[in-house]
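S.K.: For reference, the structure I am asking about is given below.
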Amino acid sequence: MRYSKNVNGEFTIEYVELPNGRLPAREFVDSLDDGAAARIDAFIERLRMYGNRMQGKFVKKLTDDIFELRVKQFDRIFRVLFFFQPGMLIVITSGFQKKTEQTPPAQIIRAEKLRKLWLKYRNHYSGSQREREAILKELGL
């Protein structure tokens, strides 16, 4: 699912879509209260505008490929995980509410799995429902 167009040197935002049509990162944001969701969406919009030029206090590199967008709202801390692709594309994999100092390893592993899924299929799945379910099962998603 495309989120915005690449204009004026800005990035394009895309969300990883699972074979069953679900968007893990979007579902996370939409599950939050309106204030938190609006704040995260505002930061995603900033990410779209600035991409890899965004200030370090908002974006942190977690692995060679996975980055986190840091969003704070009052006493709550949210993280949106993503990766960059050539052509000024940012692909958002997932999100979570942070409760510990370190980013949980399971969240990074999940983002890596979602990245591999996106790289292989680019959100275009063919085949039967059974084949799509097998993809999810194989990845443990």
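The values are calculated or read from the model by the stated rules, or taken from the named source; none is laboratory data. Quick caveat, the model's predicted, so the values are computed rather than measured. Counting neighbours? That spans all protein chains shown, and the Cβs are built from the backbone with ideal geometry, glycine included.
S.K.: Residue by residue through segment 89-104, note down the ones that are within 20 Å of Ala37 (Cα to Cα) and part of a strand (DSSP E or B).
M.R.: Ile90, Val91, Ile92, Thr93, Ser94, Gly95, Phe96, Gln97, Lys98
S.K.: Tell me whether segment 26-46 contains one or more residues that are assigned to a loop (DSSP other than H, G, I, E, B), within 21 Å of Leu139 (Cα to Cα) and touching a residue at least 24 places away in the same chain (Cβ under 8 Å).
M.R.: No, the conditions are met nowhere in segment 26-46.
S.K.: Continuing with this model, one more query. For segment 112-131, check the following and say yes or no: at least one residue is outside any helix (DSSP H, G or I) and in contact with a Leu (Cβ under 6 Å, 6 or more places away or on another chain).
M.R.: Our first condition is that a residue be outside any helix (DSSP H, G or I); within segment 112-131, this holds for 122-128.
Subsequent filtering for residues that are in contact with a Leu (Cβ under 6 Å, 6 or more places away or on another chain) retains none.
No, segment 112-131 contains no residue that is outside any helix (DSSP H, G or I) and in contact with a Leu (Cβ under 6 Å, 6 or more places away or on another chain).
S.K.: Okay, moving on. Select from segment 87-104 the residues that are at pLDDT below 95 and either under 15 Å from Asp65 (Cβ atoms) or β-branched (Val, Ile, Thr) (or both) and write down the one among them that is farthest from the chain's Cα centre (by Cα).
M.R.: Applying the filter and picking the extreme gives Thr100.
S.K.: With respect to the numbered conditions (1) surrounded by fewer than 20 Cβ atoms within 10 Å (Cβ to Cβ); (2) touching a residue at least 24 places away in the same chain (Cβ under 8 Å); (3) assigned to a helix (DSSP H, G or I); (4) not acidic (Asp, Glu), which one is the sole condition not fulfilled by Gly9?
M.R.: That leaves (3) as the condition not met.
S.K.: Okay, next question. Checking Phe82 against (1) exposed (fewer than 14 other Cβ atoms within 10 Å of the Cβ); (2) within 17 Å of Ala25 (Cα to Cα); (3) at pLDDT 90 or above, only one condition comes out false. Which one?
M.R.: (1)
S.K.: Of the residues that make up segment 65-85, is at least one in contact (Cβ under 8 Å) with a residue 60 or more places away in the chain, β-branched (Val, Ile, Thr), closer than 25 Å to Lys113 by Cα and in a strand (DSSP E or B)?
M.R.: For segment 65-85, residues in contact (Cβ under 8 Å) with a residue 60 or more places away in the chain, β-branched (Val, Ile, Thr), closer than 25 Å to Lys113 by Cα and in a strand (DSSP E or B): absent.
S.K.: Only one residue in Leu69, Leu62, Leu32, Leu114 is under 25 Å from Gly9 (Cβ atoms), at pLDDT 95 or above, among the aliphatic types (A, V, I, L, M) and surrounded by 11 or more Cβ atoms within 10 Å (Cβ to Cβ). Which one?
M.R.: Leu69
S.K.: Among the residues of segment 12-55, write down those that are touching a strand residue (DSSP E or B) at 6+ places or on another chain (Cβ under 6 Å) and of a type in the set (Phe, Trp, Tyr).
M.R.: Within segment 12-55, Tyr15, Phe28, Phe43 qualify.
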